[in-house]
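Participant: Take a look at the following structure, please.
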Amino acid sequence: MLIANNLSKSYQNIIALTNVSLSIKEGELYGLLGPNGAGKTTTINILSSLLKPDSGEILYQEKSLYQNLKECKKMIGLVPQEIALYDDLTAIENLNFWGKLYGIKGKELHSKTEELLKFLGLWDRKKDKIKTYSGGMKRRINIAAALLHDPKIVFMDEPTVGIDPQSRNLIFEVIQELHSRGLTMIYTTHYMEEAERLCDRIGIIDEGRIIAEGSLDQLKKTSKIKEEIHLNFSNTQKEDLQNFNKVFHGQLLIQENQMVLSTSQVNTDLPKLIQMCTNANLQLENLQVKSLSLESIFLELTGKSLRD
Ligand code: ADP
């Protein structure tokens, strides 16, 4: 469906992407996972023709994007991070505006707008001005706008950032339904839980490069890490926990009263960890051994946290 070869892009002296290559199959839900500044938006903007790469090629159904721009653009829907809506217009008026930009008119536009507002759970609010909508509802209208022209592939740029959990779940349901209908999607996120939950295949991006790619199972299998030990304390200071870094260098994530150790040898690391906690007079509140997450894989690959 979509092939991108060796995309590179710099903004003046900032290198945003280096030789990013992707191959997306029809019907696939592909997740681009990486921390802020990794190059996710730049990748999506280039793939959806908003931005030109400095080098590299993009093929949609084996046709070059730039040589077949008009035809390819019809296949593409983009849900940008910035909400692209008019606050003083109603939901219907906003969708009509976008529909006309895509060349959809009359009855077709009317029925498409109705179908999408119903699909996104906003039919009851169709005549309300967008300025009365919550952040999550605006995101859903943005998704509707991207679907108006029946695209074959949809790019979603962090569609759940800054919205409440209920709206986030609604957006997940919409994405899962679109996926089950066979729509091809590329979804960017810095939340590993979203990539794990939604995506068939995940590309991990950091500092403008794709550093690993595969299904969640494939990524887990290729990792040396097997498990995570999660510890919660009732009485720690970050400085106390930092001492553990010296022993478990590069395998440890520390946040407030929590510590997560990624390990390939839980049998030896667990007793060592507990002994160190006792020696440091740390009060352990909770201890869990969990299976490997994308967060640990990211830490293993980059030496840093997804949320740094
Ligand atoms: P992400 O979406 O993963 O947060 P971006 O693609 O937005 O990452 O950014 C990648 C890098 O390019 C970052 O270092 C960012 O600061 C830089 N960048 C993005 N857009 C611009 C721009 N318009 N001008 C200059 N630098 C930019």
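Participant: Where residues in region 181-196 are of a type outside the set (A, V, I, L, M) and outside any loop (DSSP other than H, G, I, E, B), which of them is nearest to Q61 (Cα to Cα)?
Facilitator: By that ranking, first place goes to T184.
Participant: Another one. Here's a check for you: in region 142-170, which residue that is of a type in the set (A, V, I, L, M) and open to solvent by 10 Å² or more (accessible area, probe 1.4 Å) is nearest to the ligand (Cβ to nearest atom)?
Facilitator: Once the filter is applied, the top-ranked residue is V161.
Participant: Still on this structure, I have one more. Name the strands (runs of 3 or more DSSP E) wholly inside region 215-308 in which the number of residues that are in contact (Cβ under 8 Å) with a residue 40 or more places away in the chain and either within 29 Å of L32 (Cα to Cα) or not aromatic (F, W, Y) (or both) is 3 or more.
Facilitator: Correct list: 227-233, 284-291.
Participant: For region 6-42, which positions are of a type in the set (S, T, N, Q), farther than 18 Å from M185 by Cα and over 14 Å from the mean Cα position of the chain (by Cα)?
Facilitator: Once the filter is applied, which keeps residues that are of a type in the set (S, T, N, Q), farther than 18 Å from M185 by Cα and over 14 Å from the mean Cα position of the chain (by Cα), region 6-42 yields N6, S8, S10, Q12, N13, T18, N19.
Participant: Would you confirm whether any residue within region 172-183 is assigned by TED's automatic domain parsing to the domain that holds G31, open to solvent by less than 10 Å² (accessible area, probe 1.4 Å) and on the phi > 0 side of the Ramachandran plot?
Facilitator: no
Participant: For region 186-218, which positions are in contact with an Asp or Glu (Cβ under 8 Å, 6 or more places away or on another chain) and aliphatic (A, V, I, L, M)?
Facilitator: Answer for region 186-218, where residues must be in contact with an Asp or Glu (Cβ under 8 Å, 6 or more places away or on another chain) and aliphatic (A, V, I, L, M): M192, I202, I204, L216.
Participant: Check region 112-119 and report whether any residue there is within 30 Å of R197 (Cα to Cα), among the polar types (S, T, N, Q), surrounded by 15 or more Cβ atoms within 10 Å (Cβ to Cβ) and more than 16 Å from the ligand (Cβ to nearest atom).
Facilitator: yes
Participant: Give the residue that is farthest from L306 (Cα to Cα), with candidates limited to residues of region 248-281 that are under 33 Å from the mean Cα position of the chain (by Cα) and of a type in the set (V, I, T).
Facilitator: Only one residue tops the list, namely V266.
The values are calculated or read from the model by the stated rules, or taken from the named source; none is laboratory data. Just so you know, these numbers come straight off a predicted model, no measurement behind them. As a convention, Cβ positions derive from the backbone with ideal geometry for all residues, glycine included, and neighbour counts pool all protein chains shown. The protein model used for the area step is the full one, side chains on, heavy atoms only, and it has no ligands, DNA or RNA in it. Shrake-Rupley method; radii C 1.70, N 1.55, O 1.52, S 1.80 Å.
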